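Encoded as structure tokens, the structure appears first; notes follow it.
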Amino acid sequence: MPVPLHGLDPEAFPAAYLDLLDAVSFRAAAAGARLGVFDALAGEPLTAEQAAARTGTDPAGLRILLDALAGYGYLDRDRDRYADTPHTARWLRTDAPDSFVPVLRFWAAVLDHRWGDLEESVRRGEPSGDFYAWLERHPDTLADFQTMLRRLAAHLGDEIVALTPAGADRSLLDLGGGHAGYTVAFLRARPGLRATVVDLPGALERGARTVAEAGLADRVTLRPGDLFTTDLGHGHDLVLLCNIVHGYRPADVRTLLRRAATALRPGGRLTLLEPLADVPSRGPGPAEAFVRMFSLNLFHTQGGRAYGMPELAALLTEAGFTDVREAPLAGSDTDHVVTALRAPA
């Protein structure tokens, strides 16, 4: 968490120095989560030796980490004993409702393994590698990534369904929705709908569990494959692209949107979920800072970025869509729903 300044003037320090301290605070918290420190301290205050025994770590090394976490505000220290703060208990234990641990572990992995060559991406205008192939090679990080997406779908799914006009829809195509959270939301709300979900095999493993737990396996086909090469079929009534478009550069977005249009029947509907850039009503604050950070990460790791609504509308029009509409979400400070119709034949 941000290093407490205790009344000191932040202008007295180079901003990058304070950012350095905050970066180490984040990394220390990630280490604590990965090592199970916060879970180990859930029952009672422990000494470093006791916590080391529970976490399988070196007592001397763990003591230094615990002192750092106490200094950053993640732990309380009373003489030689350490305990979770109420804030840490709320967010950084794995058994906490809406635990932040999967998010923390995911972003720590991305920053640890993918951000060392940011300057090269900016210099060359090319991403550092294939992000999704990297995820497939790191199943623990992929699992955290899918948990993040599934939770977002559980939080926003019903609102997205409500913002997507209903017709006599029978066929839903969910592109890149491997966790199947949005598919489940639509199928629960619209009993006549069947769905096909296209994504990479590792992502669909989570989706198989999601649809089974929802009792919807008989209405869902899980199709492993690449979004740009897999046969998507034809005549679908509704296509979902939820948090997908921002992962690609404009030329690839055009291709993907054209494939979505081809998969739809004339007059069929496309629903996008995207964190939009350049939203005047958002103003400065954590949401705007996240979108800027996220856009930089997308560019570096995937070649994409957060798109503004005018550019996104132009890309949709080029791909053969009409009636492009955008709506903010009550459940998100960053994500917006964009809907469009495939132009009639």
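Bear in mind that the values in this text are calculations on the coordinates, not laboratory data. The model shown is predicted, which means the values in this text are computed figures rather than measured ones. Ideal geometry is used to build each Cβ from the backbone, glycine not excepted, and the neighbour counts take in all protein chains shown.
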So how tilted is helix 139-163 from the main axis of the chain? Cα-based, degrees 0 to 90, rounded to 10.
-> 50 degrees
Please say if the chain is rounded, prolate or oblate, where rounded means a/c under 1.5 for a ≥ b ≥ c the square roots of the C-alpha gyration tensor eigenvalues, and otherwise the choice is prolate for a/b larger than b/c and oblate otherwise?
-> prolate
Specify the angular offset, from 0 to 90 degrees and rounded to the nearest 10, of the alpha carbon long axis of helix 309-318 from the longest principal axis of the alpha carbons in the chain.
-> 30 degrees
Net charge near Pro127 (other residues with Cβ under 14 Å of its Cβ; Lys, Arg +1; Asp, Glu -1) is -1
Nearest 10, in degrees from 0 to 90: the angle of helix 101-114 to the longest Cα principal axis of the chain is 90 degrees
What is the Cα coordinate range of region 10-94 on the first, second and third principal axes, sorted by size from largest, in whole angstrom?
-> 41, 27, 25
